[in-house]
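This report refers to the structure that appears directly beneath it.
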Amino acid sequence: MTTTTLSEALSAARQSYASKNPNSLKAYERATESLPGGGTRSSIFIHPFPLFIERGEGSEIIDVDGHRYLDFVSDFTSGIYGKTNPVLKKAIIEGLDNGLQLGAHTLPESSLSSILCSRFPSMDLVRFANSGTEANILAISTGLHYTGRKKVVVFEGGYHGSVLSHFGEDVGDLKVPYDFVVCPYNDITGTELMIRKYAEEVGVIIVEPMIGAGGCIPGDPEFLQSLRDLSTEIGAVLIFDEVQTARLSTGGRQKILGITPDMTTVGKFFGGGFAFGAFGGKKEIMNLFDARQPNSISHGGTFNNSPLTMIAGLTAVRHILTEENLRKLNELGDSLRKNLNKVFDDEKLPFKMTGLGSINQLHYTSPTQKREGLDLFFFHLLDRGYWIAQRGLVSLNFAMTENEVKGFNDAVVEAARGVKNSL
């Protein structure tokens, strides 16, 4: 088929999608009256309009038109527990009986912090926040304060939150006005040249051990170690953003690789389903927040230690985010990626899956119409009852069964064949 035919196939898929989802369309049109673009979270928008989800059960979501989908987005890695979890539900209900907001220190707060510090090699001490974005802003600002420098090294394709993303790209996203130095990811030579150029000014190097929103591109161990060595040499604070990769083991990818940064940020699932972020690191850095010390840094936040979040997070790390559970989930993801890539190669299908463990990304590899090809693939999967991110993110959760993952594997292959037949 010609390039025009791929566009025609996508147009037909969008028309079919619209005809199948009249209630979502009506809900979307109402939402645009009070929300710019009909929503408040850019990453979940779908062209031509998003589905409106009514409820979730286990590994399924149900939209307002009554369609059921197996959810392979898992709320962009944060929904690792599935839609319902009896252990979390029981703890949250019991927590409600103790009060919504207490405005004071609580025992679950210190218990959760103690477990996080024991899990992550870089965390001597930790502070809580309300999102990964907030945790990264606080970690960067802390690192700059500690070093007394101004420049922040980031990487092409990196994502550290809604105002810390799309580095090196000509897009209209808002960015916190740090003095950024943008370096090439997984390029030791290119990165070292850039950093040495500003060696005396660089206060922070922040990096994802695996690029997440930028395509699930694992950092080469040698590259990450080079950042550890270089940051030590120039006196900069190295921050690992493990907001996503913390689920690759009980101590994130730093524990797997044996590379210890100066600071680490986490978020998403450690709140047990509630909004959460945290940043921690070396004692000499984090002691800047010790209120017992003169001239300590003030760090407020009404919901930093929200009782329900602390209880849910503590329950999650004690009973669900165990080494065995994480190992099984990540092995399932590794197997899925290996199996799909073999079929893609054997059948010469224009797709590839990248990632680590239970976090992966499907890429459309044709040299032209990349957006259109991935969109058509997305609608093919929807028609088969599977929900992924429109950009291709696939994230597994504990509610999934091996049979459900196998069914997804088969559906992906069928959808990929459908796209190939449109070329």
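Mind jotting down the distance between the C-alpha centroids of the stretch 364-423 and the stretch 119-178, whole Å?
The stretch 119-178 and the stretch 364-423 have Cα centres spaced 32 Å from each other.
Rounded, prolate or oblate: pick one for the stretch 86-320, where a ≥ b ≥ c are the square roots of the eigenvalues of its C-alpha gyration tensor, a/c under 1.5 means rounded, and failing that, prolate if a/b is larger than b/c, else oblate.
On the way: a/c = 1.89, a/b = 1.62, b/c = 1.17.
Verdict is prolate for the stretch 86-320.
Taking θ = phi - 60°, what integer Hz values does the Karplus form 6.51 cos²θ - 1.76 cosθ + 1.60 yield along the stretch 301-313, in sequence order, with x for Gly and Pro?
x, 3, 9, 4, 10, 3, x, 5, 5, 5, 5, 5, x
Hey, what's the stretch 86-320 come to in accessible area per residue, 1.4 Å probe, Å²? Please report the intermediate quantities before stating the final value.
Working: 10040 Å² over 235 residues.
Accessible area per residue: 43 Å².
Put a dot 7 Å past each Cα toward the Cβ at Ser42 and Lys150; how far apart are the dots in nm?
Reported label-point gap for Lys150 and Ser42 is 2.7 nm.
Tell me the mean residue ellipticity at 222 nm calculated for the chain from its helices only (DSSP H runs of n ≥ 4, each -39500 (n - 2.57), averaged over every residue, nearest 500). Don't skip to the answer; put the middle values down first.
Numbers: 13 runs with 172 residues, N = 423.
Using -39500 (n - 2.57) per qualifying helix, the result is -13000 deg cm²/dmol.
Could you put Arg292, Arg30, Arg149 in order of accessible surface area, largest first, with the 1.4 Å probe and the full protein assembly present? Don't skip to the end; give the middle numbers.
Details: Arg292 200, Arg30 145, Arg149 55 Å².
Descending accessible area places them as Arg292, Arg30, Arg149.
Please work out the C-alpha center-to-center distance from the stretch 282-313 to the stretch 69-108 and express it in whole Å.
Value for the Cα centre distance between the two parts: 21 Å.
Testing the spin-label approximation: label points 7 Å from Cα along Cα→Cβ at Asp410 and Glu233. State their distance in nm.
With each label placed 7 Å out from Cα toward Cβ, I get 5.4 nm.
Calculate the spin-label point distance for Lys283 paired with Cys117, positioning each point 7 Å from the Cα along the beta-carbon direction, and give it in nanometres.
0.9
Please report how far the C-alpha centroid of the stretch 11-54 lies from that of the stretch 198-227, rounded to the nearest whole angstrom.
Measuring centre to centre over Cα atoms gives 36 Å.
Please list, in order along the stretch 241-251, the HN-Hα scalar couplings obtained from phi with the Karplus expression 6.51 cos²θ - 1.76 cosθ + 1.60 (θ = phi - 60°), rounded to whole Hz, x for Gly and Pro.
Taking θ as phi minus 60°, the curve returns 7, 10, 4, 9, 6, 4, 8, 6, 6, 5, x Hz for the stretch 241-251.
Could you tell me what percent of the DSSP beta bridges with both partners in the chain are antiparallel, to the nearest 5? Numbers along the way, then the final one.
Details: 29 of 46 bridges.
Just about 65 percent of them are antiparallel.
For the chain, modelled as a Gaussian network with Cα springs under 10 Å, which listed residue fluctuates most, Tyr364, Tyr185, Tyr198?
Its mean-square fluctuation being the largest, the pick is Tyr198.
Calculate what fraction, in whole %, of the accessible area of the chain sits on carbon and sulfur atoms when a 1.4 Å probe is rolled over the protein chains. Provide the component values of the computation, followed by the final result.
On the way: 9770 of 18770 Å².
Ligands and nucleic acids excluded, carbon and sulfur give 52 percent.
Just checking my list (i) 33.3, 144; (ii) 27.0, 98; (iii) 22.0, 71 against Rg and Dmax of the Cα atoms in Å computed from this structure; which label fits?
(iii)
Return the aspartates and glutamates within reach of Lys255: Cα separation strictly under 20 angstrom, same-chain partners fewer than 8 residues apart disregarded; answer none if there are no such residues.
Straight-line reach from Lys255, under 20 Å: Asp124, Glu208, Asp220, Glu222, Asp229, Asp241, Glu242, Glu323, Glu324, Glu331, Asp334.
For the chain, calculate the relative contact order in percent as a whole number, restricting contacts to Cα pairs under 8 Å that are 6 or more residues apart.
Working: 763 pairs, mean separation 90.7, N = 423.
Reported as a whole number, the value is 21 percent.
Read phi for every residue in the stretch 29-39 and hand back ³J(HN,Hα) as whole Hz from Karplus 6.51 cos²θ - 1.76 cosθ + 1.60, θ = phi - 60°, with x for Gly and Pro.
So the Karplus estimates, Gly and Pro as x, are 4, 5, 5, 5, 6, 10, 10, x, x, x, x Hz.
Leaving ligands, DNA and RNA out of it, rank Lys197, Lys175, Lys328 by accessible area with a 1.4 Å probe, largest first. Show your work: numbers first, answer last.
On the way: Lys197 140, Lys175 70, Lys328 110 Å².
Descending accessible area places them as Lys197, Lys328, Lys175.
The values are calculated or read from the model by the stated rules, or taken from the named source; none is laboratory data. Quick caveat: nothing in here was measured; it's all calculated off a predicted structure. Reconstructed Cβ throughout: ideal geometry from the backbone, glycine too, with neighbour counts over all protein chains shown. Protein only, heavy atoms only, side chains kept; ligands, DNA and RNA dropped before computing areas. Shrake-Rupley method; radii C 1.70, N 1.55, O 1.52, S 1.80 Å.
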